[in-house]
Every structure is written in structure tokens, then in C-alpha cells.
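First up is the structure itself, then whatever we jot down about it.
What follows draws every value from the coordinates through simple rules; no lab data is involved. Note that the structure is predicted; figures quoted are calculated from it, not measured. Neighbour counts run over all protein chains shown; Cβ positions are idealised from the backbone, glycine included.
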Amino acid sequence: MRLIPVARAASLLFCLASLGGCSSGSPEVVTSGPHETPLPQGEAYIPPAIVSGAADSVAPRPGSPGALYRYRFKQVAPSSERFTFQDRELSFYFRPTPAALFVQVENRQDRPTWIDWERSTFDGPLGHTGKVAHATTRFPDRFRPQTQTQIPGLQRYSDYLFPIDYLVDSGSSDEQLHRPLLPEDHAAPQYQDRQFGVNLVFLIEGQPRSYSFRYQVASVLPK
């Protein structure tokens, strides 16, 4: 985990106090203290409330190193113990994490399909529904049309998703800074049983088709 120096982040933190592409490791984080200090040794470390991008993980329990709490999720709609869904056109695999919702989509047909980001929405854990952000979305894109993403025939596409309102102004940097989807500090227990989800719209043979997925925080446990 690489800390972003406070001097560099100071101009970023005035707008907020709180998923870069998919890769192994953990999200980069922005420190919020008045001085840059090393991570504490032998004591609890609370992950900062702003992350850079969102790094996927193959760990059985996703989350940031040093998080005070760990989450367990379940897919409630459509119900699936393996976080999967497929039909004749597409196959989905999801991985919810505190930073973002990771998704892999496979186009099962031998012709291209498109993700229509402008029609897609994210239902946040606090009940707000708004536009969805993904790996290439930046702060200025909040009020701009997002380009559709093509998935060629018989190909897979991986990305991560979160509410576009969670984006944080990164100043002159091209970094994607945003609040995590769920906190990992002392506020985490308040998210027990909360639900969030995504409504993805695809253009299949020129016709829009909506796919909705919903997740529940099954448990929040201290580490």
C-alpha cells in the first residue's frame, strides 16, 4: 500500500473527508492527518476515507490491510451463492468489496454488445440512486456523457463500479480519487444488512436491455 503525501493531497481533501484499474494488491490511499507518518506498528490502523482507484483481490475476505472490520456479502437479486448470473446473451461474475463492486462480463454471442453507462445506475448503501462510475471515470465526468464500452463477440470485460457521486476532485492529477463504497472504520457496523446494487444497461443488437443486481451486507465483524 502506497501512501499519497499529505502535501500533495491537501488540495484534494477540502471537498470530502472520506476502484487505477483492477490489479492485485490494495487500493492506494490518501492520508488525512496533518503530518505524513508511517503506518503504526502493533496497533489498529484505520484506513483513510479516500482511495485511489480500486484494486481487486483474490483474498477470501476482501478489504484493506489494517481495516478494523471485515465484510461478508451475499447476492440477493438475482439470488446466487457464487455471485453469478447468465442468460443467452451475457454471463456475469461479481465481487463486492468495501472499495467498489467488481464485475466481469462475458459476451456469449459472436457479435459485439455495448455497455450504456449513461442509462446505467448505482443504488448506494445509503439509499441514493445515481449514475455509475467505473475505472475510467474521473471527477470532471460527473456531468459529461460517458462513452459506451464495447464488448466484442465471445470476449470478456472486467471493471469496477461505484456511485459517481463518490468521486473526489483530484485537482490537476488524472488520478481517480473516490470515497470507498463502504467504510472499514468504527462506522462499519452501521452498514449491517444494508443493500446496494447496480442496474447495467446493455445495447444488444441495437436494443437496450437492463440487468439489475443487488447485494446485502450479510455481516460486519471486527478483525
Length gained when the stretch Ser80-Arg209 is fully extended (0.36 nm per residue, less Cα-Cα span) | 44.4 nm
Net length gained if the chain between Glu118 and Gln148 were fully extended (0.36 nm per residue, minus Cα distance) = 10.0 nm
For the range 168-180, take each phi angle, set θ = phi - 60°, evaluate the Karplus expression 6.51 cos²θ - 1.76 cosθ + 1.60, and give the result in whole Hz per residue in order, putting x for glycine and proline.
-> 10, 4, 9, x, 7, 7, 8, 5, 9, 9, 7, 6, x
If you put +1 on each Lys and Arg Cβ and -1 on each Asp and Glu Cβ, how big is the dipole of the range 124-223 around its Cα centre, in Debye rounded to 20?
-> 260
Indicate the gyration tensor shape class of the range 73-205 (rounded, prolate or oblate), computed on the Cα atoms with a ≥ b ≥ c the square roots of the eigenvalues: a/c under 1.5 is rounded; otherwise a/b larger than b/c is prolate and the rest oblate.
-> oblate
Classify the range 142-223: rounded, prolate or oblate, from the alpha-carbon gyration tensor (a ≥ b ≥ c, eigenvalue square roots; a/c under 1.5 rounded; otherwise prolate if a/b is larger than b/c)?
-> oblate
Quickly work out the Gln190-to-Arg156 label distance, labels modelled 7 Å from Cα along the C-beta direction, and quote it in nm with one decimal.
-> 3.8
A chain fully extended from Arg61 to Asp174 at 0.36 nm per residue, minus the present Cα-Cα distance, gains in nm 37.7 nm
